[in-house]
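A short write-up of the structure that comes next.
The values are calculated or read from the model by the stated rules, or taken from the named source; none is laboratory data. Source: prediction; values computed, not measured. Methodologically, a virtual Cβ is constructed for each residue, glycine included, from the backbone with ideal geometry; neighbour enumeration extends over all protein chains shown.
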């Protein structure tokens, strides 16, 4: 059996003749190699890349805080449906929980408790201590995004993060 043999000289001559010039070294412009192209490209791409990274981090933080608000609303609703709960105790518990989880001041957290009475019950007028079994208790939480963001982004300054949870009174 005969094996094919190629000498390096013939391969190199073939490539030099038919391959593009850019495969064999730096691109030469007016007889001198290009210098600083990588620096210019980095200067153009790096700010865009950093803005994208900051956006990813900010939206990740927004989703994380929204999840914390949903968990806090659920926790507040569980406290609110137990007999003997009051509006002020539920509000203070929810505000404390949100401020601990999301690292936001309790004064920046808005908590609203609404009670939809069961058709067979009297209207408690939004007071937990007089609500009855089967009343639908809703705990809603709202926090301005400007209070939880890491980097101030102007076009998100008016956005509020909110969550709500509804449960039947026991």
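See the values below:
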quantity	calculated
Which listed residue, of 110, 96, is in contact with a strand residue (DSSP E or B) (Cβ under 8 Å, 6 or more places away or on another chain) and surrounded by fewer than 18 Cβ atoms within 10 Å (Cβ to Cβ)	110
Matching option when the condition is touching a strand residue (DSSP E or B) at 6+ places or on another chain (Cβ under 8 Å) and within 27 Å of residue 170 (Cα to Cα), among 127, 104, 82	127
Tally, over region 81-115, of residues that are in a loop (DSSP other than H, G, I, E, B) and either within 18 Å of residue 167 (Cα to Cα) or touching a residue at least 60 places away in the same chain (Cβ under 8 Å) (or both)	6
Residue match in region 122-131 (condition: under 24 Å from residue 79 (Cβ atoms), in contact (Cβ under 8 Å) with a residue 40 or more places away in the chain, more than 15 Å from the chain's Cα centre (by Cα) and part of a loop (DSSP other than H, G, I, E, B))	yes
Matching entry among 44, 39, 69, 101 (being exposed (fewer than 11 other Cβ atoms within 10 Å of the Cβ), modelled with pLDDT of 90 or more and either more than 23 Å from residue 114 (Cα to Cα) or under 33 Å from the mean Cα position of the chain (by Cα) (or both))	44
